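The values are calculated or read from the model by the stated rules, or taken from the named source; none is laboratory data. Predicted model only: the values in this text are computed from it and were never measured. Because the Cβ atoms are built from the backbone with ideal geometry, glycine has one as well, and the counts that use them run over all protein chains shown.
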Amino acid sequence: MTCNLVVLASGRGSNLKAILNAIEEGKINANVKLVLSNKKNAGALEIAKNKGIKAKFFDPSFFETRRGYDIYISEIIKKENPDLVVLAGYMRILSDEFIDTFEGKLVNIHPSLIPAFQGIKAQKQALEYGAKITGATVHFVTKELDNGPIIIQGVVPILPDDTEESLSKRILEIEHRIYPQAIKWFCDKRLKIEGRKVIVEGAKYGSLPINPSLEDF
Ligand code: GRF
């Protein structure tokens, strides 16, 4: 069965693009039903529109509370009957109600090896900390910010002359592979959540730089 996805994004949308490419190439049996943004000029909205995908901006300033906004967008999202809600650079903290509504079918990508460097500017945090390794993580979303059960992680080295830009670029290459892979596994019903642990059934564990190993990307 085709997996219905709703994507929430605030920025340029390169992860959305990677997901859409994977769908177009037939690697993920899914349909992006809606791309929703809290930013009027999000590149992600353009990417969706150009592909004929429904793309909507909802202005948070029209709502008095975060909760009010989130309840409103939850209703819009529910109408699409999503199997999975995908946060792809959605730069807004979600209210507890929103997270409860989509529990177990809400995923995020974060540009670090969580639990290290949670929150904004994770790449800059890693550089300033002097870390030698960082990476990217796809995880289920829980009420702890950037810290739910981990599906897949990929590592990247930090080089002495790295800038925030060069490091972000290196991490992004990994993001564009692990996010479509995690979504494919979800849609293929291979993810089993046991408390904080996610098991990808039938996956190969134990190799680097990406664990569990990529199969399709
Ligand atoms: C990515 O680095 C992602 O990890 C973070 O926000 C950025 C979004 O980039 N959550 P893009 O909009 O997908 O290009």
**Prompt:** If you go through the range 183-196 one residue at a time, do you hit one that is within 12 Å of the ligand (Cβ to nearest atom), of a type outside the set (Asp, Glu) and outside any loop (DSSP other than H, G, I, E, B)?
**Reply:** no
**Prompt:** Just one of 105, 132 is charged (D, E, K, R), more than 18 Å from residue 11 (Cα to Cα), at pLDDT 95 or above and within 15 Å of the chain's Cα centre (by Cα); which is it?
**Reply:** 105
**Item:** Unmet criterion (only one of (1) crowded, with 18+ Cβ neighbours inside 10 Å; (2) not assigned by TED's automatic domain parsing to the domain that holds residue 37) for residue 129
**Value:** (1)
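Here are some residues: 170, 177. Which one is over 12 Å from the mean Cα position of the chain (by Cα), among the charged types (D, E, K, R), surrounded by 14 or more Cβ atoms within 10 Å (Cβ to Cβ) and modelled with pLDDT of 95 or more? Step through it out loud before you land on a result.
On the way: 177 fails: over 12 Å from the mean Cα position of the chain (by Cα).
Testing whether each residue is over 12 Å from the mean Cα position of the chain (by Cα), among the charged types (D, E, K, R), surrounded by 14 or more Cβ atoms within 10 Å (Cβ to Cβ) and modelled with pLDDT of 95 or more leaves just 170.
Quick check on this structure: which one of 33, 40, 17, 27 is out of contact with any Ser or Thr (no Cβ under 9 Å at 6 or more places or on another chain), in a helix (DSSP H, G or I) and of a type in the set (Lys, Arg)?
Working: 33 fails: in a helix (DSSP H, G or I); 40 fails: in a helix (DSSP H, G or I); 27 fails: in a helix (DSSP H, G or I).
Exactly one of 33, 40, 17, 27 is out of contact with any Ser or Thr (no Cβ under 9 Å at 6 or more places or on another chain), in a helix (DSSP H, G or I) and of a type in the set (Lys, Arg), namely 17.
Scan the range 119-138 residue by residue and report those that are within 11 Å of the ligand (Cβ to nearest atom) and under 25 Å from residue 214 (Cα atoms). Full working, then the answer.
Step one: filter the range 119-138 for residues within 11 Å of the ligand (Cβ to nearest atom), giving 119-123, 135-138.
122, 123, 135, 136, 137, 138, listed by residue number.
Which is exposed (fewer than 14 other Cβ atoms within 10 Å of the Cβ) and assigned to a helix (DSSP H, G or I), of 71, 76, 93, 99?
Matching residue, one of 71, 76, 93, 99: 76.
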**Prompt:** Considering the range 108-123 alone, what residues qualify as being under 22 Å from residue 13 (Cβ atoms), small (Gly, Ala, Ser) and in a loop (DSSP other than H, G, I, E, B)?
**Reply:** 112, 119
